[in-house]
Amino acid sequence: MSVSRSGRKPCSLYVAGQGIEQVTRFKYLGQWVTEEWALREELRIRIEVARAAFNNMRRVLCSRDLSFALRWRMVRCYIFSIVLYGVESWTLKTADINRLEAFEMWLIRRMFKIPWTARLRNDYILQRNNLSRELMRTVKTRKVAYLGHILRNPKYELLQKIMMGKISGRRGVGRKRASWLLNIRQWTGIPRAADLFQMARDRDRFGEVIANLR
C-alpha cells in the first residue's frame, strides 16, 4: 500500500520474483488502514458495528423497566467499547468528532424513545435529563493518558524518538494537516510540544491535566 496525499501512486514490489499486490486498504490488528491514512473509513465501520450491537440489545437498553442510569452503564460497557477500539491511535478531525457526537445522541434518543419528528434539540434533551456528552471526553482521556504512558515507559524508546523527531525540508503548500499530537496539544491547552512532553513525564501533574479535560 502506498500512502500519499495526492492519491494512489502505482508501485511495483517483487519478492523472490513474485509480484506483491497493491491494495487501497487492509486490516491491521483489527483496524482498517487506508492509503489516505484517514480515520473516516475506520470510524464509519466502528459506528456501524456499534449500532448493530445496540439494536441487538434494544429490548434491554430501551426498556423502561430499568433505570436510565443502569442502561447507560451497559451502553458504556458494551457499545462504547466497540466504537472506541484502538482510539489511542486515532487522529481526529472536526468531521470525525461531529460523527462521534452524533452517534452518541442517536443512542440517547433511542433510549428515551424520542422520535426525530419531536424536533427537540440535542442541548435541550441533555439538559432536560441532566446529562452531558461522554463519548468525546472518553476519547480525550484515553488518548492523552496513552501519551503519558509512552513517555514514562523506557520500553517505548523508539516511539518517543518518532514522536519528538523533526522531518527535514519544507512543508507542502496548503493548510497543515491535523496530527495525532496536535489533537492532544489542543485538548490539553499546551501549545508547545516540548512543554507537553515534560509535563507528561510527571504522573501526578499530568493526571490533573487529564482530570480537567472537557
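Values quoted throughout were computed directly from the atomic coordinates according to the rules given, and no laboratory measurement underlies them. Note that the structure is a prediction, hence the values are computed from the model and not measured. Virtual Cβ from ideal backbone geometry, glycine too; neighbours counted across all protein chains shown.
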Net charge of neighbours whose Cβ lies under 11 Å from the Cβ of residue 63, counting Lys and Arg as +1 and Asp and Glu as -1: +4
Spin-label pair residue 2/residue 153, simplified geometry with 7 Å Cα→Cβ offset, distance in nm: 3.6 nm
Relative exposure of 132, 168, 81, judged by other C-beta atoms within 10 Å (fewest first): 168, 132, 81
Structure-based [θ]222 nm, the chain - -39500 (n - 2.57) summed over DSSP H runs of at least 4, per residue, nearest 500: -15000 deg cm²/dmol
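Subtracting the Cα-Cα distance from 0.36 nm times the residue separation, let me have the gained length for residue 121 to residue 18 in nm, one decimal.
31.3 nm
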Return, ordered by residue number, the residues of region 20-36 whose backbone nitrogen is under 20 Å from a label point located 7 Å along Cα→Cβ of residue 9. 20-26, 33-36
Grab the alpha carbons of region 1-104, take their convex hull, and tell me the volume per residue in Å³. 119 Å³
Here the Kirkwood hydrodynamic radius of the chain, Cα-based and in Å, equals 20.2 Å
Compute the acute angle (0 to 90°) between the alpha-carbon long axis of helix 135-152 and the principal axis of greatest extent of the alpha-carbon atoms of the chain; round to the nearest 10°. 40 degrees
How do the peptides 68-75, 180-187 rank, highest first, by the average count of neighbouring beta carbon atoms within 10 Å per residue? 180-187, 68-75
